[in-house]
Amino acid sequence: ITIDQLAKRFFVSGSTISHLFKQKLGVSFHRYVTQRRLIAAKTLIEKGLLLESVAAQTGFSDYSGFYRAFKQEFGISPRKFGKL
């Protein structure tokens with residue numbers, strides 16, 4: 001999902017969506033979407049899926065981007081999380 005898709009759906013500008021997200025949720029739209037994707041990734045890792053598959057299924061274009069985002073968000077690598 002993108003800001004533009006939301007803006008079209010609710011008949012407002014992308015900047016309005018961006019401003020409301022930051023105002024109401026305290027995080028940017030992009031950050032919120034990334035957090036939701038990473039939470040979904042944790043669930044898939046717990047189910048035993050391959051990490052490359054988890055990255056693809058949660059919308060990351062490559063594993064390295066997924067790895068960086070996961071480690072930044074949770075302070076642990078996806079592989080170490082899977083071993084817990």
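The values are calculated or read from the model by the stated rules, or taken from the named source; none is laboratory data. Predicted model only: the values in this text are computed from it and were never measured. Cβ: placed from backbone, ideal geometry, glycine included. Neighbour counts: every protein chain shown. We work out accessible area using only protein heavy atoms, side chains counted, and drop any ligands, DNA or RNA first. Shrake-Rupley method; radii C 1.70, N 1.55, O 1.52, S 1.80 Å.
Just a few scattered comments:
- Residue in the range 9-20 that is assigned to a helix (DSSP H, G or I), surrounded by 11 or more Cβ atoms within 10 Å (Cβ to Cβ) and charged (D, E, K, R) present: no
- Looking across the range 63-84, just one residue is open to solvent by 90 Å² or more (accessible area, probe 1.4 Å) and either outside any helix (DSSP H, G or I) or in contact (Cβ under 8 Å) with a residue 40 or more places away in the chain (or both), and that is L84.
- Filtered by the rule that a residue be part of a helix (DSSP H, G or I) and either open to solvent by less than 60 Å² (accessible area, probe 1.4 Å) or in contact (Cβ under 8 Å) with a residue 40 or more places away in the chain (or both), the range 43-62 gives L44, I45, L51, S53, V54, A55.
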